[in-house]
1. Which one, Ser98, Ser71, Gln82, is farthest towards the positive end of the dipole of segment 64-129 when Lys and Arg carry +1 and Asp and Glu -1 on their Cβ?
2. Could the peptides 96-106, 184-194 be put in order, highest first, of the mean number of other beta-carbon atoms found within 10 Å of their residues?
3. I'm checking a number: the convex hull volume of the Cα atoms of segment 1-52, normalised per residue, in Å³. What is it?
4. If you average 1/r across every pair of different Cα atoms in segment 244-298 and take the reciprocal, what Kirkwood value do you get, in Å?
5. What is the Cα radius of gyration of segment 285-412 over 2.2 N^0.38 Å, N being its residue count?
6. Build a GNM of the chain with springs between Cα atoms under 10 Å: which of Phe64, Phe374, Phe87 gets the top mean-square fluctuation?
7. How large is the direction-averaged shadow of the alpha-carbon convex hull of segment 142-280, in nm²?
8. Residues of segment 205-239 with backbone nitrogen within less than 13 Å of a virtual label 7 Å along the Cα-to-Cβ line of Lys190, please, listed as ranges.
Amino acid sequence: MKFTQLTEKEYQEFWENHPLKTFLSAIEIGKLRKKSNWEVDYVGVKDQNKVIAATMLLSHKRHFNCYEFYSPRGFLIDFNNQELLDFFTDEVSKYIKSKNGYVLRIDPYLINKQRDIDGNIVEDGIDNTNIKEHLLSLGFKQVPDKDIEQVGWMFSLGLEGKTEEQILKEMYPNTRNLIRKAERNGITIKELSYDELDRFYNILSETGKRKSFSIRNVSYYKEMYKLLHDKGQVKYYVTELNLDDYIKHLKEEIVDRKEKISALADKKYNEGKKKSLEDEITKLDKRISEAKEIKQETSKSIITLSGSMFILIKPEIIYLSSGNYEEYLKFNSQYLIQWLMIKYGVENGYKKHNFYGIPANINTHPKDYGIYEFKRGFNGYVEELIGEYELPISWKYNLFKIINKIKGGKKK
């Protein structure tokens, strides 16, 4: 075995065929990081001139001209091959030390323990405790969940070997009904071009302010488009509603209910049915009034409801970012956009639709449980990754930890 620097092409070819690949370890993300003053290196292990392990190393200057190194979702390696993992870790450490680095961070794209839809551990399921223990034996220190930078808990839906009809049937009834309702209401989905990305960003900004979470600068989303769109690896969507068509549809629904009432015999046993149909008409009238108010307030016939960003790198589609205008949440358009991408995944051979981040330890009902409930309705499963780890490279690691703790205390 030989440790060596890799060309971008060598890394790309190895990444493309590795089971642990994800968008965060793609060379395009390295190019994006370069724009934020990170340096990018590719290193790996070759055996008889064949790459058998690799990682993208990102680094940037921190304290006293020393560098922090980060292997995003790395390493691309068989973590159960302890001999290879030991060799690679040791050689990467030497390499980082030669570059005046003081720490290496990794957050492997590996399941910790297999969990079911409710977040409960599956008996006799996947269990990578031995890998975690081995990383610790190599000197890695596990970062607390509250301090990790990337998503550590996800919710996914398996697509492999399933049909659209089967997936729709297995969804929770409320989710399935909301998808069908959105379709009946005439909600449409539009894929955005580069010049239209501000529409997505405006939705995201409004959602961030409402829910008190920070969002990236619009330049991030534009760069992601430039790097990934032509490869078919990123898509931005907005959902729209034509108010004129929507009102017309609601009026047709009212006519239908009135015809059903007229068709009922004037008998006492039909009073309940009539009352139910009359209640439906009242609700439809209310929705027509609300739609007319929206049209008057916005002076628009077509309104934008929500926006979403998806990363499409096989074997999975990742639902990376989204937002909704608060006043249009009642239209539930995000259900329809998820269904669009689930169908796309089935049609194009993706193995998994990854709804991405959910709160940690979901079976304890933490804050933001509603995010999980929305995703849960599609009937998938919880995924817990093995976490983030730091490998101290020099004695300066502990010094910088103290400095960062002091700075953090001052900020508070």
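Values in this text are rule-based calculations from the coordinates and carry no lab data. Just so we're clear, the structure is a prediction, and the values are computed from it rather than from any experiment. In this analysis, Cβ positions are derived from the backbone assuming ideal geometry, glycine residues included, and neighbour counts consider all displayed protein chains.
1. Farthest along the dipole direction, towards plus: Ser98.
2. 96-106, 184-194
3. Cα-based convex hull of segment 1-52, divided per residue, equals 75 Å³.
4. Hydrodynamic radius (Kirkwood, Cα only) of segment 244-298 equals 12.2 Å.
5. 1.55
6. Between Phe64, Phe374, Phe87, it is Phe64 that shows the largest mean-square fluctuation.
7. 15.1
8. Flagged as within label range: 237-239.
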